[in-house]
Amino acid sequence: MKVTFVDTDIDWHDHYNVLFQSLIRLRENVVLDNLNPDLCVTRAFTNARTDQLYDCAKWFYTIESPDPKHPKADFSFTHDEDTETNAYFPCYYSWIDWFNEPGRRYPDFMIPPIYLTNPVPCVRPRRKSFTAFWSARGPFRDLFPDRLASMGLAVEKYGELFGPRYTRSKIKWKCLLETKYNLAFENRLYPGYHTEKVVEAKAAGTIPIYYGDLGMKNLNSEACLNIAKYDYLDEALDAVADLVHDEHVQRTITETPLFINPPTIDTVLAQVERGLLRVGL
């Protein structure tokens with residue numbers, strides 16, 4: 001089977017991504033071919049629409065919440081519910097090291113599957129800091145860190161939103177391992193939209209202060225403090241202050257597993273198989 005990936009962003013290497021690695025495990029003789037592919041996979045980070053150049057089966061994949069204007073495809077992998085033409089495929093599937101991919105562009109960001117159910121243990125006292133790793137603005141993001149700091153709480157800010165310190169390296173994981181809290185805020189609320197942020201925070205053993213869809217999909221609501229349930233910034237800040245002073249709640253969050261049904265490599269492969277069967281490959 002011949003496959004091409006088009007209109008993808010810089011993080012997406014043709015060989016080292018969750019879809020291609022799944023394909024070579026589900027079918028024989030899977031190769032990359034940009035001239036005469038059987039399957040064209042396109043993503044949502046461009047308006048180029050290179051997929052229109054190919055007359056073959058087409059998949060659409062996004063790590064963001066689906067845009068209603070996304071390219072028409074025979075099958076899609078999004079944060080939407082499973083249907084005949086869509087597989088629920090949350091962003092964090094792409095950040096878990098299902099296949100031991102040393103060639104990934106940012107291997108230090110890949111989460112070993114064992115950490116999904118057994119977070120990294122605390123081997124030494126952590127800094128009682130809140131970390132924020134954000135590259136773009138979003139609800140609660142603009143004011144939250146500074147308001148926490150004004151309450152006397154230590155906040156470590158990283159990412160393009162806060163200045164030139166770009167952190168697509170092992171700095172994030174290192175900080176998560178050494179600090180107690182992480183501000184894991186999604187950039188929007190959308191049903192089923194849960195990215196790698198809360199998964200990384202939990203896997204690293206931090207206490208996630210989350211902002212994400214209250215439906216939580218396959219995630220335990222007790223495994224984090226989800227401030228999306230508060231309508232006002234001051235209410236959310238008060239909830240964080242209460243958490244900082246309540247060791248019982250801290251233990252509850254720390255001891256509660258993130259996933260109700262932990263995903264496995266078989267979970268991923270089953271969704272990709274659905275896409276293959278849909279397009280007859």
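The values are calculated or read from the model by the stated rules, or taken from the named source; none is laboratory data. Here the structure is a predicted model, which means the values were calculated and not measured. Cβ sites come from the backbone with ideal geometry, for glycine too, and all protein chains shown count toward neighbours. These accessible areas exclude ligands, DNA and RNA; they are computed on the full protein's heavy atoms, side chains included. Shrake-Rupley method; radii C 1.70, N 1.55, O 1.52, S 1.80 Å.
The Rg/Rh ratio of the range 184-258, with Rg taken over Cα atoms and Rh as the Kirkwood radius over Cα pairs, comes to 0.94.
Could you please put 28, 247 in sequence from largest to smallest accessible area, using a 1.4 Å probe?
Sorted by accessible area, descending: 28, 247.
Converting phi to 3J(HN,Hα) with the Karplus coefficients 6.51, -1.76 and 1.60 and the offset θ = phi - 60°, the range 26-34 yields 9, 9, 8, 6, 8, 9, 7, 8, 8 Hz in sequence order, with x at every glycine or proline. Ordering 217, 229 by accessible surface, largest first, gives 229, 217; the 1.4 Å probe counts only protein heavy atoms, with every chain in place.
Ranked from largest to smallest solvent-accessible area, with a 1.4 Å probe on the protein heavy atoms, 2, 174, 197 come out as 174, 2, 197.
Of all DSSP bridge pairs formed entirely within the chain, close to 5 percent run antiparallel. Between the labelled values [x] 23.4; [y] 14.9; [z] 22.2, the entry that holds mean projected area of the Cα convex hull in nm² as derived from this structure is [y].
Taking the accessible area of the chain, probe 1.4 Å, and keeping the other protein chains in place, the carbon and sulfur fraction comes to 50%. Compared with the alpha-carbon gap, the fully stretched path from residue 32 to residue 273 is longer by 84.9 nm at 0.36 nm per residue.
For the chain, the number of Lys pairs separated by eight or more positions or lying on different chains, with C-alpha atoms closer than 19 Å, is 28.
Ligands, DNA and RNA aside, residue 122 has an accessible area near 90 Å² when probed at 1.4 Å. Coupling constants for the range 129-137 follow from the phi torsions by the Karplus curve (6.51 cos²θ - 1.76 cosθ + 1.60, θ = phi - 60°), and in residue order they are 10, 9, 9, 9, 10, 10, 9, 9, 6 Hz; glycine and proline get x. Working note: Karplus 6.51/-1.76/1.60 with θ = phi - 60° gives the range 265-275 the couplings 4, 5, 4, 5, 4, 5, 5, 5, 4, 4, x Hz, where Gly and Pro are set to x. Distant-in-sequence amide contacts of residue 86, defined by a placed amide H-H separation under 5 Å and a gap of 5 or more residues or a different chain, comprise 76. Under a 5 Å amide H cut-off, with hydrogens placed 1.01 Å from N, residue 179 pairs with 127 among residues at least 5 apart or on other chains.
Amide H contacts for residue 96 (H built 1.01 Å from N in the peptide plane; partners 5 or more residues away or on another chain; cut-off under 5 Å): 111.
In percent, rounded to a whole number, the relative contact order of the range 131-269 is 20, using alpha-carbon pairs under 8 Å and six or more apart.
Using a probe of 1.4 angstrom and keeping all protein chains present, the accessible surface of the range 152-281 works out to 46 square angstrom per residue.
Annotation for the range 189-281: chymotrypsin sites (Phe, Trp or Tyr not before Pro) lying in DSSP loop with at most 12 further Cβ atoms inside 10 Å of their Cβ are 232.
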